[in-house]
Amino acid sequence: MELAPINPPVHDTHHRILPRHVRFDFSATPIQWVPGDPGSTHVMNTLNLMFPAGEMWFCRVYNRAMPHISDPKLRDDAEGFLRQEALHSRSHGSVLDHYWRRHGIDTKPFTRHLDAVFSRILGDRPYGLPWGGHSRFWLRQQLGIIAALEHFFGYLGGWVLDARALDEAGTDPAMLDLLRWHGAEEVEHRAVAFDIYRHLGGSYLGRCWHMGVVIVSLLGVMAWGVRYMSRQDPDAGRPRRLFSSWWAGARAGRLPSIWGSLKSAVRYFVPGYSPEAEASTERALAYLAISPAASVAAHGGNWPGGRTTTPVLPAA
């Protein structure tokens, strides 16, 4: 069934979204890559657990949606988005490989449950049912969930670009560059998922429902992931809990504030919401121009600066 476009893209200007090849050196990355702060480390490690399966699911959904995107600029954005997400998935997957090879931490007991969520519950045959997975309705639900997730990822991307406390804490430079490179690209393509959802018929009430589902699901996965990773960390002490770790990390500036994250979620429910109001494309592009991993991939060689520092943008 053809999906007729319902709404035009929200934005008049067009910034071409292109994938950037990167090369990360995690050989010296410790388990607690925010030194002495297992709470902040493992709250952010939930992203490493979620992204490999989650962003490949994004790609599968967008491959299905692509033939139905009639606007040429939006289709070009979708192609760039898809290629960036595939690189994000592989890069975060290399972190999990490093945890296994270097530290003996097996994340598969956790990630195979996420694989099942994306393939069996959110896949082309939801809940294993033999019908409905290829319908217009189901594709729109998948796109709505991606749009809600991308809202949060864009917010987090804007935050991590300016999180000076992570530099001051001595955060592992390869991991910090991974977060900032990925965060900058999330900011760069922050409008794409929302625009495609609307273009293919997504409604205001639908996006409110999707955001509610995403909030509950993200909190559950994060709570589970923090406990799982802290139990694998011999220096973490007692198993960490999400909200106590998040509160302490936010007070130190090493995690986004709970209040700021809540306000970000509320903005998505505003009828006139636009992703362009979240973060700054200019700051994202400024970081992508100096990312060590992108420079290494483009020019070859070793980690700039002997793996001691990650570039910091001037204050906004």
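The values are calculated or read from the model by the stated rules, or taken from the named source; none is laboratory data. Small disclaimer: the values here were computed from a predicted structure and weren't measured. Virtual Cβ from ideal backbone geometry, glycine too; neighbours counted across all protein chains shown.
Has the stretch 191-203 got at least one residue that is buried (at least 19 other Cβ atoms within 10 Å of the Cβ), of a type in the set (A, V, I, L, M, F, W, C), closer than 18 Å to PHE58 by Cα and over 18 Å from the mean Cα position of the chain (by Cα)? The answer is yes; a qualifying residue exists. Apart from one condition, VAL226 fits all of (1) out of contact with any His (no Cβ under 9 Å at 6 or more places or on another chain); (2) buried (at least 23 other Cβ atoms within 10 Å of the Cβ); (3) within 20 Å of HIS113 (Cβ to Cβ); (4) of a type outside the set (S, T, N, Q); the exception is (1). Of all the numbered requirements in (1) crowded, with 18+ Cβ neighbours inside 10 Å; (2) in contact with a Gly (Cβ under 6 Å, 6 or more places away or on another chain); (3) at pLDDT below 95, PHE118 misses one, and that requirement is (2). Looking at the stretch 155-190 only, could you name the residues that are touching a helix residue (DSSP H, G or I) at 6+ places or on another chain (Cβ under 6 Å) and in a loop (DSSP other than H, G, I, E, B)? Listed by number, the residues that qualify are HIS189, ARG190.
Taken over the stretch 214-250, the criterion of being over 23 Å from GLU150 (Cβ atoms) and of a type in the set (Phe, Trp, Tyr) is satisfied by TYR228, PHE243, TRP247. In the stretch 23-59, of all residues being farther than 17 Å from THR107 by Cβ and within 16 Å of the chain's Cα centre (by Cα), the one that is surrounded by the fewest Cβ atoms within 10 Å (Cβ to Cβ) corresponds to CYS59. Restricting attention to the stretch 219-245, the residues that are over 22 Å from GLY54 (Cα atoms) and not aliphatic (A, V, I, L, M) total 13. Does TYR273 qualify as being among the hydroxyl-bearing types (Ser, Thr, Tyr), at negative phi and outside any helix (DSSP H, G or I)? Yes.
Table: residues versus (1) over 30 Å from LEU285 (Cβ atoms); (2) not basic (Lys, Arg).
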{"residue": "LEU166", "(1), (2)": "no, yes"}
{"residue": "ARG180", "(1), (2)": "no, no"}
{"residue": "VAL192", "(1), (2)": "no, yes"}
{"residue": "GLY201", "(1), (2)": "yes, yes"}
{"residue": "LEU218", "(1), (2)": "no, yes"}
{"residue": "SER244", "(1), (2)": "yes, yes"}
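Listed by position, the helices (runs of 4 or more DSSP H) inside the stretch 191-262 whose residues that are farther than 25 Å from THR111 by Cβ, of a type in the set (Val, Ile, Thr) and touching a residue at least 60 places away in the same chain (Cβ under 8 Å) number at least 2 are 192-199.
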